[in-house]
Amino acid sequence: MRRHAIVPRSGWQQRVERIGLTYHTLADGSPYWDESAYWEFTATEIDRVEAATAEIQRLALEAGEHIIANDRIAEMRIPAAAAERIRETWKTEPPALYGRLDLAFDGRTIKLLEYNADTPTALVEASVAQWYWLKDVFPRADQFNSLHEKLVAKWKDLIPYLRPPVCFGHDGSEEDSMTVGYLRDTAEQAGLRTISIRMNEIGWQAKGSRFVDLERKPIESIFKLYPWEWLLNDRFGPDVLAMMDHMRWIEPIWKMLWSNKALLAILWELNPSHELLLPAYLDGPREMKEFVRKPLFGREGAGVAIFGKGTGGGRSAAKTGLFEPRSGDVVYQQLASLATAEGKSAVLGSWLIGGEPAGIGIRESVGLVTTNLSRFVPHLFW
């Protein structure tokens, strides 16, 4: 596993825009999509990442069974009103589309950092942008990337379950709208009819008790790039729960068990000393000297704090994000060893489609926490 500097392609901005990556540059003018470098892996290292991803997915399934069987949903700070629907859908198994594990891999050990199981992004970058980069720059190399093919195949599997047209809901931000646009394209390639809608454009008809699109037609199937906890906190949250039997949701509400970082502590409790897991606890850092405190519902590094790194084990924290989580709404996880080069730390996003490993994307940060300013860097292997 090595990082290499390289000259970006001429006109790279236009090249990635043509395939849907319009958010390639940050507000300060620096690149978010960064092809001035790439990470090289061996085939053996890729095999290790793929096997680790499959194993963590197996552990997550076991953890979900444990949470349901032992009535531990409340420990995860999930709203009580949602608990019964989560139990129902876990047992009836409505299908899920995708997810992303964030992994620490330093060339020696692989460790789970978290599971982005509900609304993972960086998909256009991982599936399409880095693939076209590879074909342009290293056409004889390979890449751990079967995302596009597996997405189309999974949508085909979902056709009997869904009731078209399938609404694709998002919050209107550029990244989310382009991600949803790409997922719509894969669904349409599979033969589904789709429409796009912003979440705040979805209507509610009290007469008939149903959600409707902009043409006031009932929505019966929806993919939402919108977190379940946000949806349930909305004033229409109770209606979402009440009408769940009348709509097909992708991702299903049982994904709240995995998108919640309390999962990290439960995984460690059930599998202490597992080689792919880091010690993690809900009641405090316990014996850990260097650890990360993460909010259970945080995203893009918001509210994350690192304790002990470079402070001789002290409790001085390096914080990032926009809010300070409430006591009890956090998990404490041992600090992991990340791949580092040129003053940057790399985190692997390992994708699952239909629960199967499907490829990786790499985000680089100047610090130890991946945020919305972290850059996406392509990869290859030989």
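Under 5 Å between amide hydrogens, built in the peptide plane, is the criterion, and for GLY354 it picks out TYR98 among residues at least 5 positions away or on other chains.
For segment 89-131, the residues whose backbone nitrogen is under 19 Å from a point 7 Å from the Cα of GLU275, taken along Cα to Cβ, are 103-113. For segment 85-139, the alpha carbon positions stretch 49, 28, 15 Å along the principal axes, listed from largest to smallest.
Can you give the helix-only mean residue ellipticity at 222 nm for the chain, where every DSSP H stretch with n ≥ 4 adds -39500 (n - 2.57) and the sum goes over all residues, rounded to the nearest 500 deg cm²/dmol? Helix contribution divided over all residues of the chain: -8500 deg cm²/dmol. Extending 7 Å from Cα along the Cβ direction at ALA81 and again at SER173 yields two label points whose distance is 2.5 nm.
Here r is the Cβ-Cβ distance between PHE138 and ARG163 and R0 is 35 Å; the resulting FRET efficiency, rounded to 0.05, is 0.20.
Normalised by the number of residues in the chain, the average gap of Cα pairs under 8 Å and 6 or more apart makes the relative contact order 24 percent. Taking amide H atoms as placed 1.01 Å from N in the peptide plane, the amide H of LEU162 has no partner under 5 Å among residues 5 or more positions away or on other chains. Of the solvent-accessible surface of segment 121-215, computed with a 1.4 Å probe over protein heavy atoms with every protein chain present, carbon and sulfur atoms account for 47 percent.
Using heavy atoms of the protein chains and a probe of 1.4 Å, the accessible area assigned to ASP47 is about 90 Å². For the chain, the per residue solvent-accessible surface stands at 44 Å², with DNA, RNA and ligands left out and a 1.4 Å probe. Cross-link partners of LYS294 among lysines, defined as those whose alpha carbon lies under 18 angstrom from its own and excluding same-chain residues fewer than eight positions apart: LYS111, LYS261, LYS309, LYS319. Please work out how many pairs of lysine residues in segment 113-238 are eight or more positions apart (or on different chains) and have Cα atoms closer than 25 angstrom. The number of close lysine pairs in segment 113-238 is 8. A Förster radius of 22 Å, combined with the Cβ-Cβ distance separating LYS207 from ARG235, puts the computed FRET efficiency at roughly 0.75. With the whole protein complex present, TYR38 retains an accessible surface near 20 Å², based on a 1.4 Å probe. Between ASP28 and THR42, the modelled labels are 3.7 nm apart [label points 7 Å from Cα along Cα→Cβ].
The distance between label points at LEU214 and GLU342 comes to 4.2 nm (points 7 Å beyond Cα on the Cα→Cβ vector).
The values are calculated or read from the model by the stated rules, or taken from the named source; none is laboratory data. Remember, predicted model here, so these are calculated numbers, not experimental data. As a convention, Cβ positions derive from the backbone with ideal geometry for all residues, glycine included, and neighbour counts pool all protein chains shown. Accessible surface areas use protein heavy atoms only, side chains included; no ligands, DNA or RNA. Shrake-Rupley method; radii C 1.70, N 1.55, O 1.52, S 1.80 Å.
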